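One structure is given below, encoded as C-alpha cells.
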Amino acid sequence: MTAPLLSVEHLTMRFGGLTAVSALSFAARANQITAVIGPNGAGKTTVFNCITGFYRPTSGTIQLHHPEGSSYALQSLAGHLIARRAKVARTFQNIRLFAGMTVLENLMVAQHNTLMPNVVSGLLAVFGLGGYRHTQKLAIEKATTWLEAVGLIGRADDPAGSLPYGQQRRLEIARAMCTDPALLCLDEPAAGLNPRESDELSELLIRIRGGGCSILLIEHDMGVVMRISDHVVVLDHGKKISDGTPAEVRADPKVIAAYLGEGDEDETPADAEEAA
Amino acid sequence: MQTKAGVLVAYALQQLINGVTLGMIYGLIAVGYTMVYGIIGMINFAHGDVFMIGAFLSLIGLTLLAGFGMTSVPLALAISLAAACAIAALYGWTVERIAYRPLRGSFRLAPLISAIGMSIVLQNFVQVSQGARDLNLQPLIPGGMAIFEENGFVVQLSWMQVVISIVTLALLAVFTWLVTKTPLGRAMRACEQDLKMASLLGIDTDRTISLTFVIGAILATVAGMLFLLYYGSINFFIGFSAGVKAFTAAVLGGIGSLPGAVLGGLAIGLIESFWSGYASVPYKNVAAFSVLVIVLIFMPSGLLGRSDVEKV
C-alpha cells in the first residue's frame, strides 16, 4: 500500500463557540476518488476550506505527500502556494468563475505560473521574448485539450458569465485542471445538474482520475458518489462516523441513522456556518 | 457678421485643444486611481503625490543632465524620464508595501486613512528636501503651429500639446495591450474580479497588487514630466490639486473602469478649459466638481462604471 496523498490528522475548526469540525482524521490515496459525504451542516465544506487555505484550522495537521517525495503542511502554507507548490485545486459549491473574462482566458489565468514564473519573465513576456511565445502556445494547447474534454471548445471566446449553469460547472473543473493539480477538490460538482449531465460528470471525473489526478469530492448525489468513489468518508456534526468503500459505508447503521435525520434540530447553526 | 462667427469658432477650437491636452494628463493619473481601486477596492490618495514626485524627479534629472553638458533635448528627456519612472516605481511599490499591505484584511477605512497619511508624508518630504517655492524649467519644446487665423485671433497648437497627445495615446495603447493580452494583465483582471479565487489558482496576489502600484506610478510619472514641460513650473503641492482632479475624473468615468478613467480625464479637462474660456478662471474647479456632483446624482456608477449587483 502506498503512502496516502493527503492525510488529515486531528483536524479541529472552531468558530467562536461552534465546533464545525472536531478531531477529524482521514486519508485520501493517490489515484483514487475519495468522497466526503454527510448531512447538511456536517462540516464538509469547512474541511475543504481548511485544505485549500481559506481557513486556518484551530488545531490539527493537513499533510500532502507527492509521490516523488516532497510533502507540504497545508495548514501553514501561504494561500497561493497551495495551488502553486502543493498542487491542490478546488471548485466551489457556488461557482466562482471570472465571469467578465472569456472562457479561454479563465483557463489561461489558471496557467499563470507557467506563463509568468517571475517578474522578469513577465517583463520579457511583454516584449514576446524569453520563450514566451512557445510557453503561450503550450498553454493554449492545454486549455484547448480541457475545453474539448468538457465540451466547451465552441464557446472559447464567450464571456464565462454568459454560459448556462451546467457548462459553468464544467468550465470550473477545466480551470482547476489547468493548474496541473495532484489533488482536485470538488465541492458538490453535481448540484443542479440533470441526470444526463451527472452521468457526463461521472465520466469526466473517472477520466481525470485515469490521468493521474486524485479527487476529493463533496457530493449529495449518492448515485454519483456510489458509482465513481473508491473510498467514502462520512461526516456528521463535524465528526467522522464512517470510513470505507462505498458498499461498506452504505451498510453502516450509523450512516443510515445520520441520513434518516437523528438530531435534525441541531443542524441550524452548523448550516449557517457552511453557508459562510 | 461672418468674421464674428469665425472668431467664435476659432476661440472654441482653442479651448478644445487646451482642454484635450489637460484632460490627457488627468487621464494618465486617473488610470492609476481606477486600477488600484479595481484591484483592492481602496482609493490610493498618495497617487497624486507620486505624480508630483515624478515631476520633481524629471526636473532633477533634466537639471543634472544639463549640468553634465548634455545638449540633445530628446536624449535628455528620454534619459531623465526613464530614471524618473524607475525611481517613482520604487516609490509606488514602497508606499503599497509599508502603508497598505500590512492593513489588508483590516477594516475598509484603515488603508484609506493610511493613504492620506502617506500623501502628507510624501508632500512634506518633498517640501523639506526641495523647498516650498516654485521650481521653474525653461521651455524645452518651444514653438508650435498656427492652425488658422481669423480676424486677428490665432488658433495655436503648440508642439508641447502635440507631444502630450502622442505620448499619452501611445502609453494608453501599450497599457491597454498589457492589460488585455499579457499574463500579467490577465492576472490583474483576475485579481480585480475575485482576489481569493486568483490566489487559489496559484497567482501571487500580493505581487500582482505590487505590480499594479508600480504600473500606476510609471503612468503618473510620465504625466508628471508632461506637466512639468507644459507648465514649466512645479511645487510640492501640485500632487494634491492634480490628484483630486484625476480622482474626480476616475469617479466621473466610473471608478474601476480603465476607459472610463481616460474619458473622465478628458471630460474634466474640457470642462475646466471651456469654463475658463467662457466664464471665470477662478471658478473652474467649482465647475469641474459641480459636473461631478450632477453626474453622480443621475449616474451613481459614473459614465462607464458597472453597477455592483450583489448576488445572494
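I need a count of the residues in region A:180-212 that are under 11 Å from the mean Cα position of the chain (by Cα) and either more than 20 Å from A:Arg84 (Cβ to Cβ) or among the hydrophobic types (A, V, I, L, M, F, W, C) (or both). Counting residues in region A:180-212 that are under 11 Å from the mean Cα position of the chain (by Cα) and either more than 20 Å from A:Arg84 (Cβ to Cβ) or among the hydrophobic types (A, V, I, L, M, F, W, C) (or both) gives 8.
One residue stands out among those in region B:172-186 that are of a type in the set (Ser, Thr, Tyr) and surrounded by fewer than 18 Cβ atoms within 10 Å (Cβ to Cβ): the one that is nearest to the other protein chains (Cβ to nearest Cβ), which is B:Thr180.
Within region B:298-312, the set of residues being of a type in the set (A, V, I, L, M) and either surrounded by 10 or more Cβ atoms within 10 Å (Cβ to Cβ) or modelled with pLDDT of 90 or more (or both) comprises B:Met299, B:Leu303, B:Leu304. Going by the conditions given, is B:Gln161 polar (S, T, N, Q), out of contact with any strand residue (DSSP E or B) (no Cβ under 6 Å at 6 or more places or on another chain) and part of a loop (DSSP other than H, G, I, E, B)? So B:Gln161 does not fit the description; no. The C-beta contact set for region A:45-70 (first residue within 14 Å of chain B (Cβ to nearest Cβ), second residue in a loop (DSSP other than H, G, I, E, B) and of a type in the set (Phe, Trp, Tyr), distance under 7 angstrom, 6+ apart or interchain) comprises A:Asn49/A:Tyr55.
Condition check: in contact with a Leu (Cβ under 8 Å, 6 or more places away or on another chain) and more than 13 Å from chain A (Cβ to nearest Cβ). Does B:Ala223 satisfy that?
So B:Ala223 fits the description; yes.
Residue pairs whose Cβ atoms lie under 6 Å apart, separated by 6 or more positions or on different chains, with the first residue in region B:266-282 and surrounded by fewer than 21 Cβ atoms within 10 Å (Cβ to Cβ) and the second of a type in the set (D, E, K, R) and part of a helix (DSSP H, G or I), are B:Ser276/B:Lys284. When A:Ala42 is tested against (1) farther than 30 Å from A:Leu163 by Cβ; (2) under 14 Å from the mean Cα position of the chain (by Cα), exactly one condition is not met: (2). Taking region A:31-65 as the search range and keeping residues that are of a type in the set (A, V, I, L, M) and at pLDDT 90 or above, which one is farthest from B:Leu200 (Cα to Cα)? Out of the qualifying residues, it is A:Ile37. Do we find a residue being in contact with a Lys or Arg (Cβ under 8 Å, 6 or more places away or on another chain), of a type in the set (Gly, Ala, Ser) and at pLDDT below 95 anywhere in region B:41-48? Taking every residue of region B:41-48 in turn, at least one turns out to be in contact with a Lys or Arg (Cβ under 8 Å, 6 or more places away or on another chain), of a type in the set (Gly, Ala, Ser) and at pLDDT below 95. Checking B:Ala217, B:Ala261 one by one, the residue that is at pLDDT 95 or above, small (Gly, Ala, Ser) and either at positive phi or touching a helix residue (DSSP H, G or I) at 6+ places or on another chain (Cβ under 9 Å) (or both) is B:Ala217 and no other.
Annotation: of all residues in region B:191-205 being more than 24 Å from the chain's Cα centre (by Cα) and closer than 20 Å to B:Glu96 by Cα, the one that is farthest from the other protein chains (Cβ to nearest Cβ) is B:Leu195. Can you find a residue in region B:97-111 that is under 19 Å from B:Gly239 (Cα atoms) and within 18 Å of the chain's Cα centre (by Cα)? Within region B:97-111 (the criterion being under 19 Å from B:Gly239 (Cα atoms) and within 18 Å of the chain's Cα centre (by Cα)), the answer is no, since none of the residues qualifies. When B:Gly32 is tested against (1) closer than 26 Å to B:Thr248 by Cβ; (2) surrounded by fewer than 19 Cβ atoms within 10 Å (Cβ to Cβ), exactly one condition is not met: (2). Name the one entry in B:Thr176, B:Thr168 that is under 21 Å from the mean Cα position of the chain (by Cα), assigned to a helix (DSSP H, G or I) and over 30 Å from A:Lys137 (Cα atoms). Residue meeting the stated conditions: B:Thr168. Only one of the numbered conditions (1) among the hydroxyl-bearing types (Ser, Thr, Tyr); (2) without any contact (Cβ under 8 Å) to a residue 12 or more places away in the chain; (3) touching an Asp or Glu at 6+ places or on another chain (Cβ under 9 Å) is not met by B:Thr212, and that is (2).
The values are calculated or read from the model by the stated rules, or taken from the named source; none is laboratory data. The structure displayed is predicted, hence computed values, not measured ones. Every residue, glycine among them, receives a Cβ derived from its backbone with ideal geometry; neighbour counts consider all protein chains shown.
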